[in-house]
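Asks: Can you read through this structure? Questions will come right after.
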Amino acid sequence: INHVSKTDYNKSHYSGPSINFFIGAGVNVNTTSPSNSSQAYLAGARSYTSYLPQGSLGINLFANPATKKLQFRVEVGVGEAKYKSLYTGKVSPYAPTEISYDNLALSGSVQVLYNFYNTDNFKVFSGGGLIFYKLSYSNVYFGSQNHDGSQALIAANNPFVFEKGDNAFMFRAGVQFTRNLVITGSYQTPVNNTNGGYFELSSTVAQV
C-alpha cells in the first residue's frame, strides 16, 4: 500500500540477530623451522611443513546487526601438526638420523573482522586478532632413520624441552557465499615449540 518493499521495511524496522554461531573445518599448514638456523642446521634441524586437519567453532557479535559490516569473533579450534628432520650426524657414529614428533594444538582467539564488500549473499572481509595456544606433543623420536635402535644411547636423552603454550597475532581474510558458506584463510606469527634441548624450534601456521 505504501510502496515500501519488505527489504526496505526490514532495514528501518528490523535489525536482525546481533550474534550468530559457526563451525568449520579445513587444512592446518604448519611450517616448523629452527630458531637459530646455522647452529641448529649443524645439529640436524631442517625446516618441515605438514598439511593436516583442523577444525573450529565460535560466535560472531555484530556491531550493527542491520549491516553486519563490523564483527567481533570469539573462536576455539584444534589443529594437528608434525615435525620431521632427516640428516646424517656430524659426530660419531655419523649415522642417518631422524628426529620427529606430532603436535596437537588447542587454541582460543579473539578477532575483529570488517566486510569491505557487503551484500546479503556475498561479502569480502579481512581482519585480525590474538590467538592463544595450549600445545601437546606425542610420538617423539630421536634415533636412526631405520628405527633399528642402533642409536639407543642418543635416543634415551630427551632431545627437546617443549613449550606447553604460547600466543601469536593472526591475520584473516575471506569471502562469504550465500548466508552460510565462508571460505577463509589465516596466517599466524611464529609460536615457540621448544625452549631448549638439542635445538630450538618455532612454527608459523596458515589455515584454509
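The values are calculated or read from the model by the stated rules, or taken from the named source; none is laboratory data. Keep in mind it's a predicted model, so treat the numbers as computed, not measured. When we count neighbours, we look across all protein chains shown, and the Cβ atoms used for this are built from the backbone with ideal geometry, even at glycine. For the accessible areas, the whole protein counts, side chains as well, though only heavy atoms, and no ligand, DNA or RNA atoms are used. Shrake-Rupley method; radii C 1.70, N 1.55, O 1.52, S 1.80 Å.
Asks: Out of Tyr117, Tyr137, report the one residue that is open to solvent by 20 Å² or more (accessible area, probe 1.4 Å), free of Cβ contacts under 8 Å to residues at least 24 places away in the same chain, hydroxyl-bearing (Ser, Thr, Tyr) and part of a strand (DSSP E or B).
Replies: Tyr117
Asks: Considering only region 157-170, I want to know if a residue exists there that is at pLDDT below 85, open to solvent by less than 80 Å² (accessible area, probe 1.4 Å), assigned to a strand (DSSP E or B) and over 30 Å from Phe62 (Cβ atoms).
Replies: Yes: one or more hits.
Asks: Now for a different question. Among Ser150, Ser202, which is assigned to a loop (DSSP other than H, G, I, E, B), surrounded by 13 or more Cβ atoms within 10 Å (Cβ to Cβ) and at pLDDT below 95?
Replies: Ser150
Asks: Given the structure, is Val112 modelled with pLDDT under 90, in a strand (DSSP E or B) and either within 17 Å of Val161 (Cα to Cα) or within 21 Å of the chain's Cα centre (by Cα) (or both)?
Replies: So Val112 does not fit the description; no.
Asks: Looking at region 77-101, which of its residues are aliphatic (A, V, I, L, M) and open to solvent by 70 Å² or more (accessible area, probe 1.4 Å)?
Replies: Leu86, Val91
Asks: Collect the residues in region 78-97 that are in contact (Cβ under 8 Å) with a residue 40 or more places away in the chain and assigned to a strand (DSSP E or B), keeping them in residue-number order.
Replies: The answer is Gly79, Glu80, Ala81, Lys82, Tyr83, Ser85, Leu86, Tyr87, Pro96, Thr97.
Asks: Another question, then. Can you work out which of the residues in region 171-199 that are part of a loop (DSSP other than H, G, I, E, B) and aromatic (Phe, Trp, Tyr) is most open to solvent (accessible area, probe 1.4 Å)?
Replies: Only one residue tops the list, namely Tyr198.
Asks: Continuing with this model, one more query. Consider Ala45 carefully, then state whether it is hydrophobic (A, V, I, L, M, F, W, C), in a loop (DSSP other than H, G, I, E, B), exposed (fewer than 15 other Cβ atoms within 10 Å of the Cβ) and in contact (Cβ under 8 Å) with a residue 12 or more places away in the chain.
Replies: Here the answer is no, as Ala45 does not meet what is asked.
Asks: Looking at region 67-76, is at least one residue open to solvent by 20 Å² or more (accessible area, probe 1.4 Å) and without any contact (Cβ under 8 Å) to a residue 12 or more places away in the chain?
Replies: Within region 67-76, not a single residue is open to solvent by 20 Å² or more (accessible area, probe 1.4 Å) and without any contact (Cβ under 8 Å) to a residue 12 or more places away in the chain.
Asks: How do the pairs read when you match residues in region 183-205 that are aromatic (Phe, Trp, Tyr) with residues anywhere that are open to solvent by 70 Å² or more (accessible area, probe 1.4 Å) and part of a strand (DSSP E or B), using Cβ under 8 Å and keeping only pairs 6 or more apart or on different chains?
Replies: Tyr187/Phe171
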